[in-house]
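**Student:** A single structure is presented below for examination.
The values are calculated or read from the model by the stated rules, or taken from the named source; none is laboratory data. Here the structure is a predicted model, which is why all the values come from computation and not from measurement. FYI the Cβ positions are ideal-geometry reconstructions off the backbone, even for glycines, and counts take in every protein chain you see.
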Amino acid sequence: MSLDFLHFLASPSLVLSWYGFGAAAAVWVLYDTFTANRHVMPALKAGWPIIVLFFSVIGLVLYLASCRPPGIGQKRGEEAKQTHTAFVADHWKKVLGSDIHCVAGDGLGIISAMVVTRWLGLSFWPEFWIEYGVGFLFGWLIFQYGGLRAMGAPPKTALWNGGRAEFFSMITVMLGMGLVMRYVTPAVAGSPPPPNTADFWGIAALGLLAGAIFTYPMNWWMVAIGWKHGMG
């Protein structure tokens, strides 16, 4: 199947518009979680802005649909807490929160490693495994461990449970990203583009979105069996 229709990912005007909207929306989401939608979990207060930056309008729609109850800014105290808890109680929303938390941590590590490996000019498989390793460590030690510690888990428990969840999440996130790197990058850019090009950031956004889609069923399973808490 031809992937020529994805050449829009290399358009500077589209990429600038995508990330420009994403940056503005991410700032608003961060502000909103500290001023109006205050009962968002601490780990997701960090995760949502990252996701909205890369997913742009898609990320903002997901935040509004799954995490921000209508009129939450007019509620205070226990009423606000109960309203938020009831709004995010649906299983698909809990799983989406788990997915967002996972992809934010993994994605931050993966994209950081991708910037470095592209400047170094590494080939596909060395780049893939470095990104996998850095993404895993970011997701495990910063987002999973930090999130569990914020919820009161002892250090050893947080380290083990966070590592277990991250191991399974990262497999599926990197599967989605790896497929984009393997098939979309050659079709759109020919060779892996450096970080100072529109191609790089357009493909990076699609890769993270693919990773989020691929890891959603895995997070559904882990929330169902109690390995992850999800949104709430």
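**Student:** For residues that are free of Cβ contacts under 8 Å to residues at least 40 places away in the same chain and more than 22 Å from the chain's Cα centre (by Cα), scanning just segment 3-17, find the one that is nearest to V180 (Cα to Cα).
**Tutor:** Checking each candidate, the answer is F5.
**Student:** Which pairs have Cβ atoms under 9 Å, sit 6 or more apart or on different chains, and link a residue in segment 213-232 that is at positive phi to one that is of a type in the set (V, I, T)?
**Tutor:** Between residues of segment 213-232 that are at positive phi and residues that are of a type in the set (V, I, T), the close pairs are G230/V88; G230/V95; G230/V223; G232/T85; G232/V88.
**Student:** Exactly one condition in (1) surrounded by fewer than 22 Cβ atoms within 10 Å (Cβ to Cβ); (2) assigned to a helix (DSSP H, G or I) is not met by H39; state its number.
**Tutor:** In the conditions (1) surrounded by fewer than 22 Cβ atoms within 10 Å (Cβ to Cβ); (2) assigned to a helix (DSSP H, G or I), H39 misses (2) alone.
**Student:** Only one of (1) part of a helix (DSSP H, G or I); (2) at positive phi; (3) among the small types (G, A, S) fails for G152. Which number is that?
**Tutor:** (1)
**Student:** Among the residues of segment 120-165, which ones are of a type in the set (D, E, K, R) and modelled with pLDDT under 90?
**Tutor:** Of everything in segment 120-165, just one residue is of a type in the set (D, E, K, R) and modelled with pLDDT under 90, namely R149.
**Student:** Let me ask something else about it. Could you tell me whether W119 is free of Cβ contacts under 8 Å to residues at least 40 places away in the same chain, out of contact with any helix residue (DSSP H, G or I) (no Cβ under 6 Å at 6 or more places or on another chain) and among the aromatic types (F, W, Y)?
**Tutor:** So W119 fails the test.
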